[in-house]
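Dropping a structure here in structure tokens format, bear with me for questions.
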Amino acid sequence: MIEKVLKEYAQKTDFIDVRVIEIKKEVISFEGTQFNNIFSDKKSFGVRILLNGGWGFAYSCDFNNVREVFDKAYRIAKLNANKKIKFNAPSFFDKKKYPIKLNPFEIPIEEKIEKVNTILKLLDADHIKNKAVLLNCSNIKRQVINPCLNVSQEFILTSLKLNITARQGDIIQSTYEGYSSLGGYENIERINLNEFTKKALDRINRLLRARPPKPTKTTVVCNPQMTGLFFHEAVGHACEADSVLNKSSLFSKTGIKVGSEEITLLDDPTFDENGFYWYDDEGARAKPTTLIENGVLKGFMHSLRTSNEMNVSPTGNGRCMDASYFPIPRMSNTVLKPGKWSEEDLISEVKEGYYVKGFKGGVVDTTTGQFSFGASECFEIKNGEIGENLRDVTLTGNILNCLKTIKVANNPQKTHLPGRCGKDGQLVRVGDCCPSILVKEVIVGGRHS
Amino acid sequence: MEDILEKIVSYCKDYFVEASISEVISDNVIFENKHVKNFNSGHEVKLNVRITNGKKSGYSFTTNLNNWKECVDRAVKLMKISKELKVKPVFSSFHGSKSFIDSSIHSLSLDKLMLKGKEALSQSDVNIPSFELTKEISKEYFVNSNLIKSFQERSEFSVIMQCSKENVSSWDYFSSSGDADISNFVSNTISLCKKSLNPEKISTGIYNVVFDFHAFKTLLSLFLPNTFANNIINHNSKFEGMKGELVSSENLTIIDCGILERGTNNCIFDSEGFNVIKKPIISKGVLSNYLNDAYTSAVLSEKPTGNSETLLFRSSIGINNLIVRPGDDKIDTSEYLYVYDLMGSHTANIVSGDFALSALNVFYKGRPIKDVVISGNIFDIFKKIVMVDKHPRTTSSFSIPKVLIRDVQVIS
């Protein structure tokens, strides 16, 4: 039905496309004292029409009234139709399915509950006050259709997450461990639950003994996970072409030196990490995009709309959370090319500073370049040696000041975290593969002690 | 929709069923640099089903109402293999029906929204990367096996705006259950951006700080989860066992309620069908109430307060409409460090209360300031609230005045 109506409307519009996205989820979770077993199924379609320069977008989850939604998108596109513009769009016919060995939806739920129970037993300790474990299996079908294009992709995503809160005296700390990857239940089977749980337990025990940092501006060495967050938040968002076009990015044109020569940064949806896809949600083929090369700003990430406006080729970054959203430029996998230093080299050159591991979320103001990241763990560095453990550490600073000072190590790592990035109310899955970095001019904040 | 819910209750005779359907119809126009970028129109329907038998529950959700039987069957299947809850949950016997629709919202068509936006932006002399106007009508139907049938609907008109000029920016939003003149909102946001130009630095140190609406709302988002009963029973809260104790300055009173004038979260029942009760959370600094849903109230032997956020979890708790009670006097912001907004609340440790947040649009004795981080412990600084302004700002589901806090750690 959708394809038939699309052909009719294609006759009277300058461009039209439709996304049909279905997300099925099975979640087994435990928190505190309660198990929650949930199944969800969300399917909707979104129609986008360009007519004489005016864009109209309408969506619905009611597949009985398809024509009504097309009509609405057409009527509202007319509201702002005032000039003819040329719009280039891709043309492909393809169907892709991410390979899996074990379909997680065919694994008995009892088996998944047992997995969660095993973790819960491993966490039995008096000082652990709350445990939350979540095993999530998602089946994501994304289809985009325009008169010359019909691309379908199917992904299975499996993830296991663990949150624990512990208390010792007056000190309360919480920590998180997670694994997420495209692929079937074999991903969950591969996880060594003892090691997975032990990592979280060891960390929470260290955090309980840690002290808060003294607020200061200093040098930090970020481990690969934290580097991933740093480049995603501090640089990636400013390289999304919509923020460049609407002048809310600190970057306005390419060819400018923005950081140290050691920085070569790519967005790569073809890289097999959490942000992988073959085509974006507008049907543009996924490809790596160099954002910074040897410290010089080289490119931006585009949706079809921004690539048409800036007269460049699409980069395959037009993404949406589901069919109820207009696709916008989004990151996929953030990849920082390895440098020449070992992580030990970077640590050894710091007289006084911090080593930060893992992250607890981040945010950036792309106009001013101000950023703020939470570190899941932090250690003091004194005279090139790792020292005391610190807790509740936040890193803040300004992107442009920090980028100039960066030195890059040679230890890239995939994070395999259940990474989701939020922008304009839309969450999309993202990943990264980055080495450790040394960065100066960072404000390390926390409770003043 | 009511038909489907009735069918679900009849279909599922062997177990206790709670089911809700929510429907949202929205129209939205987005401007970029004062020109219309695009129009959006949406229609979303969701069915949530929870099946309970004794101490066991299963949950299911779909956007396809034609598949309601499949949705119920899945919830039954999940219930059967689930683990037993600690206590038997309680169920609502509250009946109610209420419309919070403002007729002026109904008449706001997309072209009227566009005209409203164009008019508001006509005088602006700064860059406006994003300006978004939205009209939304939402409806919620609830049934359960106690033969409860409840219904509520509400309207919302909202505006989100971002301004920038010479590497400074400002951001704000406005939201109300009825139509509104937005010219003041737009000129205030532009004025904030212009006032923030040419910022200077200040020294790291201890300052008395005035937190404006957004900044104090961010601080509340670190403080209030400690009053949620699911965090209490899961030992994830600093306020466990502290009901009746002084937990903040006596200048602070916080109320949760179902109805706020022009509030966008107005409701008479929560997602489990329980009546929403107006109650103080903090009363003159004293922790007065935990916010409960059906399960936490059973565990704590308290009454549900109508704060369940979803049928799909046991349990998930949230605020309905929130009021910070105004003080008697006006705060002179030009005497203090004045913070308009804070970013990065998700980087804080909600359990320990330790935080370090970047401040946006900061002024010291009237002059714009850059690169400021506010750092500390939320439980400590809430004890240092010196004054609450007499004029609250009400937008969305919050009514919050400016708040003055003494001896705040500022890093620059």
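FYI, it's all coordinate maths here, none of it is from the lab. Just so you know, these numbers come straight off a predicted model, no measurement behind them. Methodologically, a virtual Cβ is constructed for each residue, glycine included, from the backbone with ideal geometry; neighbour enumeration extends over all protein chains shown.
Do any trypsin sites (Lys or Arg not before Pro) in the range A:18-119 lie in a DSSP loop with no more than 12 other beta carbon atoms within 10 Å, and if so, which?
In loop regions of the range A:18-119 (DSSP not H, G, I, E or B), the sparsely surrounded trypsin sites (Lys or Arg not before Pro) are A:Lys83, A:Lys84, A:Lys86, A:Lys101.
Also, I was wondering about something else. Below 8 Å between Cα atoms, with a sequence gap of 6+, how large is the relative contact order for the range B:217-290 in percent?
Numbers: 99 pairs, mean separation 24.7, N = 74.
Dividing the mean separation by the residue count of the range B:217-290 yields 33 percent.
Filter the cross-link list B:Lys77/B:Lys279; B:Lys195/B:Lys330; A:Lys351/B:Lys195 down to pairs whose alpha-carbon distance in this structure exceeds 32 Å.
Values: B:Lys77/B:Lys279 38 Å; B:Lys195/B:Lys330 21 Å; A:Lys351/B:Lys195 40 Å.
Pairs exceeding the cut-off: B:Lys77/B:Lys279; A:Lys351/B:Lys195.
Among B:Ile268, B:Gly117, B:Phe313, which residue has its Cα positioned farthest towards the positive end of the charge dipole of chain B, with +1 placed on the Cβ of Lys and Arg, -1 on the Cβ of Asp and Glu, and the dipole taken about the Cα centre?
Checking the options against the dipole of chain B, the answer is B:Phe313.
Right, another one. Which angle from 0 to 90°, rounded to the nearest 10, does the C-alpha axis of helix A:66-79 make with the longest principal axis of chain A?
The angle comes out near 90 degrees.
Same structure again: Please provide three numbers in whole Å: the alpha-carbon extents of the range B:25-160 along the principal axes, with the largest listed first.
Over the range B:25-160, Cα extents along the principal axes are 63, 31, 29 Å.
Hey, what's the per residue convex hull volume over the C-alpha atoms of the range B:359-411, in cubic angstrom? Mind dumping the intermediate values first?
Numbers: hull volume 6.2 nm³, N = 53.
With only Cα atoms used, the range B:359-411 gives 117 Å³ per residue.
Which entries of A:Lys217/B:Lys365; A:Lys161/A:Lys257; B:Lys238/B:Lys402 show an alpha-carbon separation above 28 angstrom in the structure shown?
Numbers: A:Lys217/B:Lys365 24 Å; A:Lys161/A:Lys257 40 Å; B:Lys238/B:Lys402 25 Å.
Exceeds cut-off: A:Lys161/A:Lys257.
Based on C-alpha coordinates, I'd like the Rg and Dmax of chain B, in Å.
23.1, 69
Turning to a different aspect of this structure: Given a 10 angstrom Cα cut-off, can you work out which residue in A:Glu68, A:Glu282, A:Glu273 is the most mobile in a GNM of chain A?
Maximum fluctuation in the GNM of chain A, among the listed residues, is at A:Glu68.
How fast does the range B:1-77 diffuse by Stokes-Einstein, in µm²/s, taking the Kirkwood radius from C-alpha pairs at 25 °C and 0.890 mPa s?
On the way: Rh = 14.3 Å.
The Stokes-Einstein estimate is 172 µm²/s.
Now a separate question. Suppose a student asked you for the relative contact order of chain B, using Cα pairs under 8 Å spaced at least 6 residues apart; what percent would you report? Working shown, then result.
Working: 1056 pairs, mean separation 66.6, N = 412.
Relative contact order, chain B: 16 percent.
Counting only Cα, what are the radius of gyration and maximum Cα-Cα distance Dmax of the range B:254-327, in Å?
Spelled out, the Cα radius of gyration and Dmax of the range B:254-327 are 12.1, 39 Å.
Could I ask something else about it? Taking a 29 Å limit on the Cα-Cα distance, which of the listed pairs A:Lys24/A:Lys357; A:Lys214/B:Lys243; A:Lys131/A:Lys337; A:Lys42/A:Lys112 fall beyond it?
Details: A:Lys24/A:Lys357 33 Å; A:Lys214/B:Lys243 33 Å; A:Lys131/A:Lys337 37 Å; A:Lys42/A:Lys112 22 Å.
Exceeds cut-off: A:Lys24/A:Lys357; A:Lys214/B:Lys243; A:Lys131/A:Lys337.
Taking the Cα centre of the range B:144-246 as origin, work out the dipole magnitude from +1 charges on Lys and Arg Cβ and -1 charges on Asp and Glu Cβ, in debye rounded to 20. Working shown, then result.
Numbers: 9 positive and 10 negative charges, 40 e Å.
Around 200 debye, computed over the range B:144-246.
From the C-alpha coordinates alone, can you work out the Kirkwood hydrodynamic radius of the protein assembly as shown, in Å? Write down the numbers at each step before the final one.
Numbers: mean 1/r = 0.0356 Å⁻¹.
With all distinct Cα pairs of the protein assembly as shown included, I get 28.1 Å.
Over 5 Å intervals from 0, what percent of Cα-Cα pairs in the range B:192-276 sits in each interval?
Bins of 5 Å from zero give 3, 9, 11, 18, 18, 16, 9, 7, 6, 3, 1 percent of pairs.
Using the alpha carbons of the range B:198-330, what is the convex hull volume per residue in cubic angstrom, as a whole number? Let's see the in-between values first.
Working: hull volume 21.9 nm³, N = 133.
That works out to 165 Å³ per residue.
Using +1 on the beta carbon of Lys and Arg, -1 on that of Asp and Glu, and nothing else charged, what's the dipole of chain A about the Cα centre, debye to 20?
Details: 62 positive and 54 negative charges, 195 e Å.
With Lys and Arg at +1 and Asp and Glu at -1, about 940 debye.
Can I ask one more? Ratio of the range B:167-215's C-alpha Rg to 2.2 N^0.38 Å, to two decimals? All intermediate terms of the calculation are to be shown ahead of the outcome.
Details: Rg = 14.5 Å, N = 49, 2.2 N^0.38 = 9.7 Å.
So the range B:167-215 has a normalised radius of gyration of 1.51.
Hey, what do the phi angles of the range B:318-331 turn into as Karplus ³J(HN,Hα) couplings, whole Hz, using 6.51/-1.76/1.60 and θ = phi - 60°, x for Gly and Pro?
Working through the residues one at a time gives x, 7, 8, 10, 10, 10, 9, 5, x, x, 9, 10, 9, 8 Hz.
Which of B:Ser103, B:Ser26, B:Ser301 moves most in a GNM of chain B, Cα contacts under 10 Å?
Top of the fluctuation ranking is B:Ser301.
Arranged from highest to lowest average of other beta-carbon atoms within 10 Å per residue, in what order do the peptides B:361-372, A:186-197, A:386-397 appear? Walk me through the intermediate numbers first.
Numbers: B:361-372: 19.3, A:186-197: 15.2, A:386-397: 22.9.
Going by the mean number of other Cβ atoms within 10 Å, highest first, we get A:386-397, B:361-372, A:186-197.
Relative contact order for the range B:70-178 using alpha-carbon pairs under 8 Å, separation at least 6, rounded to a whole percent? Spell out each step's value before the answer.
Details: 146 pairs, mean separation 31.5, N = 109.
Reported relative contact order: 29 percent.
Once the mean 1/r over all distinct Cα pairs of chain A is inverted, what Kirkwood radius in angstroms do you read off?
Details: mean 1/r = 0.0426 Å⁻¹.
Computed over Cα pairs of chain A, the Kirkwood hydrodynamic radius comes out at 23.5 Å.
Kindly provide log₁₀ I(q)/I(0) values, in the same order as q = 0.12, 0.14, 0.21, 0.23 Å⁻¹, from the Debye equation applied to equal alpha-carbon scatterers of the range A:100-233.
Computed log10 I(q)/I(0) values: -0.66, -0.82, -1.24, -1.33.
Taking amide H positions as placed in the peptide plane 1.01 Å from N, state which residues far from A:Lys129 in sequence (5 or more) or on other chains have amide H under 5 Å from it.
The answer is A:Thr165, A:Ala166, A:Arg167.
Let me ask you something else. Beyond 28 Å, what share of the Cα-Cα pairs of the range A:181-331 is found? Please give it as a whole percent.
Numbers: 4204 of 11325 pairs.
Distances greater than 28 Å cover 37 percent of the Cα pairs.
Another question, then. Before rounding to the nearest 500, sum -39500 (n - 2.57) across all DSSP H runs of length at least 4 in chain A and divide by the residue total; then give [θ] at 222 nm in deg cm²/dmol.
Working: 10 runs with 88 residues, N = 449.
Rounded to the nearest 500, the figure is -5500 deg cm²/dmol.
In straight Cα distance, which lysines are under 26 Å from A:Lys84, not counting same-chain residues fewer than 8 positions off?
A:Lys84 reaches A:Lys4, A:Lys7, A:Lys12, A:Lys72, A:Lys247, B:Lys34, B:Lys37, B:Lys112, B:Lys116, B:Lys118.
Between A:Gly419, A:Ile119, A:Ala286, whose Cα lies farthest towards the positive end of the dipole of chain A when Lys and Arg beta carbons carry +1 and Asp and Glu beta carbons carry -1, centred on the Cα centre?
Comparing the listed Cα positions along the dipole, A:Ala286 ranks first.
Right, something else. Give the total of Lys-Lys pairs in the range A:369-449 with Cα-Cα distances below 25 Å; include a pair only if its members are 8 or more places apart or on different chains. Spell out each step's value before the answer.
Working: A:Lys382/A:Lys404; A:Lys382/A:Lys407; A:Lys382/A:Lys440; A:Lys404/A:Lys414; A:Lys404/A:Lys440; A:Lys407/A:Lys440; A:Lys414/A:Lys423; A:Lys414/A:Lys440.
Going through the range A:369-449 pair by pair, I get 8.
Stretch A:Lys101-A:Glu352 to full length: gain in nm at 0.36 nm per residue minus the Cα-Cα span? Can you show the working numbers first?
Numbers: separation 251, 0.36 × 251 = 90.36 nm, distance 4.89 nm.
Extending this stretch completely gives an extra 85.5 nm.
Then there is this: Taking θ as phi - 60°, what are the ³J(HN,Hα) couplings along the range A:248-262 by the Karplus curve (6.51, -1.76, 1.60), each to the nearest whole Hz, with x for Gly and Pro?
9, 9, 6, 9, 10, 8, 7, x, 9, 6, 10, x, 5, 5, 6
A:Arg211 to A:Lys4: FRET efficiency via 1/(1 + (r/R0)^6), r the Cβ-Cβ distance, R0 51 Å, to the nearest 0.05? All intermediate terms of the calculation are to be shown ahead of the outcome.
Numbers: r = 67 Å, r/R0 = 1.31.
The calculated FRET efficiency here is 0.15.
Another one. Return the sequence-ordered ³J(HN,Hα) values of the range A:296-305 in whole Hz as given by the Karplus equation 6.51 cos²θ - 1.76 cosθ + 1.60 applied to θ = phi - 60°, using x for Gly and Pro.
Values per residue, Gly and Pro as x: 9, 5, 10, x, 10, 9, 10, 9, 4, 5 Hz.
If you don't mind, there's one more thing I want to ask. Of A:Gly32, A:Ile49, A:Ser60, which is farthest along the charge dipole of the range A:1-99 in the positive direction, counting Lys and Arg as +1 and Asp and Glu as -1 at C-beta?
Sorting the options by dipole projection puts first A:Ile49.
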